[in-house]
Amino acid sequence: MKISSIHVHTANMAHSWLTESLIAHPLAQWSAYREKRTSWFGTMSAGVVEIETDAGLTGLGFIGGGKANAARTIIDDQFSQLLVGQDPADIERLWEQMYRASVMYGRRGVAIEAISGIDLALWDLLGKACGQPVYKLIGGQTKDRLPAYVTGNLTERHLAEGFRDVKIALPHGPADGEQGLRRNEEIMRRTREFVGPEGDIMLDCYMALTVPYTIELVRRLGPYRICWIEEPLLPDDIDGLLRIKDAVDVTISGGEHEYTRFGFRELIERRALDVLQPDIYRAGGLTELRKIAAMASAYHLPVIPHGVGAPTYHFVMATPNSPKAEFVDVFAQGGELMLEGEPVPANGFIELSSESGFGYRLNRRALAGDTKIAPIW
């Protein structure tokens, strides 16, 4: 079996609470960009890589990062010539060749996101060729069922849907001063009241904070027993993460904006994070997340990937040091995914399909341009 063609399908993503709500972010210190992410991120585009073979089998993989139009150019201009005519089962070799071929402009960001989409399409294809769901090919079932927590500032709705554990997107950062700190604390107080004493509360800071602000925030939130503070600083500020850990007793998670095993190596070796959160659509696909998880296991670190979707859930199911999955409520304001058949949690747990590959299909309505595309990046 040989790869016969590669197509990248893209569509612009709709706005949602993630892009239009007041949520702390790295540009919030400038008032012109404070209110919403679309003021600085621009148009978000979703993308799916479709790999076809001469045997009639097709594999599909989502591209992360919200800039699929840029990733499509890289795939069309360079990666496709490395792949067409090759055996799709040679996933490790193909990944290494794409990485080395793009290293002069890649290593992180959109080039690795393009590789991620291709890698996932190859795994989907391999699962179909073997007649097995992907998680059966990478270790099988390591847990009886797959627990999920939910991300989204709609706690009452999520509890009614059966979730027990919630992650809140922090609204205010350093630019909002003392008043913003008090508002953050009030949100956490109300969330704890809703969730009760048993549920976990996580706090997503999206690279928006400083070291002193994070330390003060952690101190104020002590009574509400926050499970982890996620991504408080810009991803390259490893020394800052260590300063926070030295100053206060806090569990820090992160890695959503880190790439490949090379990027995660320093985070792991320096113990800068307590929970690793690589994104399977950004960090290098399933091939790379397996290596990140293997490194993490030697340091007894849990890996709880950022993001939603079947590839993420197959990884969690097959990975012993991945205890649970995230579900981002991308449907809060309506919209569809570019891939149909994605698992959706019920009562806080995810059931994986027994279909071969990742069990999803291309959403033809989305490609026709008459469907609101849910914002996943």
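For mean projected area of the Cα convex hull in nm², pick the label among (1) 18.3; (2) 26.7; (3) 17.5 that corresponds to the value derived from the coordinates.
(3)
Mind listing the phi-derived Karplus ³J(HN,Hα) values for segment 297-311, rounded to whole Hz, using 6.51, -1.76 and 1.60 with θ = phi - 60°, and x for any glycine or proline?
In residue order, the calculated couplings are 5, 5, 10, 6, 9, x, 10, 10, x, 6, x, 10, x, 4, x Hz.
Antiparallel versus total DSSP beta bridges in segment 136-362: what percent is that, nearest 5? Please list the in-between numbers first.
Details: 5 of 25 bridges.
DSSP beta bridges in segment 136-362 are roughly 20 percent antiparallel.
Going by average Cβ neighbours within 10 Å, how do the peptides 83-93, 308-318 rank, with the highest at the top? Let's see the in-between values first.
Numbers: 83-93: 14.6, 308-318: 26.6.
The peptides rank, most packed first, as 308-318, 83-93.
In whole Å, how far is the Cα centre of segment 218-274 from that of segment 310-369?
That distance is 27 Å.
Taking the chain as a Gaussian network, Cα atoms linked when under 10 Å apart, which of Met188, Met44, Met104 shows the biggest mean-square fluctuation?
Residue with maximal mean-square fluctuation among Met188, Met44, Met104: Met104.
Alpha carbon centre of segment 69-126 versus segment 136-158: separation in Å?
If we compute the Cα centre of each part, the gap is 28 Å.
In nm, give the distance between the simple-model label positions of Gln29 and Ala298, each being 7 Å from the Cα along the Cα-to-Cβ direction.
Distance between the two pseudo-spin positions: 3.7 nm.
Filter the cross-link list Lys167/Lys245; Lys67/Lys167; Lys128/Lys291; Lys2/Lys324; Lys128/Lys324; Lys36/Lys128 down to pairs whose alpha-carbon distance in this structure exceeds 29 Å. Write out the running numbers ahead of the final one.
Values: Lys167/Lys245 21 Å; Lys67/Lys167 25 Å; Lys128/Lys291 23 Å; Lys2/Lys324 36 Å; Lys128/Lys324 25 Å; Lys36/Lys128 41 Å.
In this structure, Lys2/Lys324; Lys36/Lys128 lie more than 29 Å apart at Cα.
Of all DSSP beta bridges in segment 1-87, what percent run antiparallel (nearest 5)? Don't skip to the answer; put the middle values down first.
On the way: 15 of 16 bridges.
For segment 1-87, the DSSP antiparallel bridge percentage is about 95.
Would segment 134-284 count as rounded, prolate or oblate if I go by the C-alpha gyration tensor, calling it rounded below 1.5 in a/c and otherwise prolate when a/b exceeds b/c, oblate otherwise?
Details: a/c = 2.04, a/b = 1.13, b/c = 1.81.
In terms of gyration-tensor shape, oblate.
Helix-only mean residue ellipticity at 222 nm, the chain, DSSP H runs n ≥ 4 weighted -39,500 (n - 2.57), per residue, nearest 500. What is it?
On the way: 15 runs with 138 residues, N = 377.
Rounded to the nearest 500, it is -10500 deg cm²/dmol.
Which of rounded, prolate or oblate describes segment 267-377 when judged by the alpha-carbon gyration tensor and an a/c cut-off of 1.5? The partial results should precede the final answer.
Numbers: a/c = 2.14, a/b = 1.95, b/c = 1.10.
Verdict is prolate for segment 267-377.
Run the dipole for the chain about the Cα centre, Lys and Arg Cβ at +1, Asp and Glu Cβ at -1, nothing else charged, and hand back the magnitude in debye, nearest 20. Provide the component values of the computation, followed by the final result.
On the way: 39 positive and 49 negative charges, 43 e Å.
Approximately 200 debye in magnitude.
Only the coordinates and a few stated rules stand behind these numbers; no lab work does. Nothing here was measured: the structure is a model prediction, and the numbers come from that model. Glycine also receives a Cβ, built like all others from the backbone with ideal geometry; neighbour counts cover every protein chain displayed.
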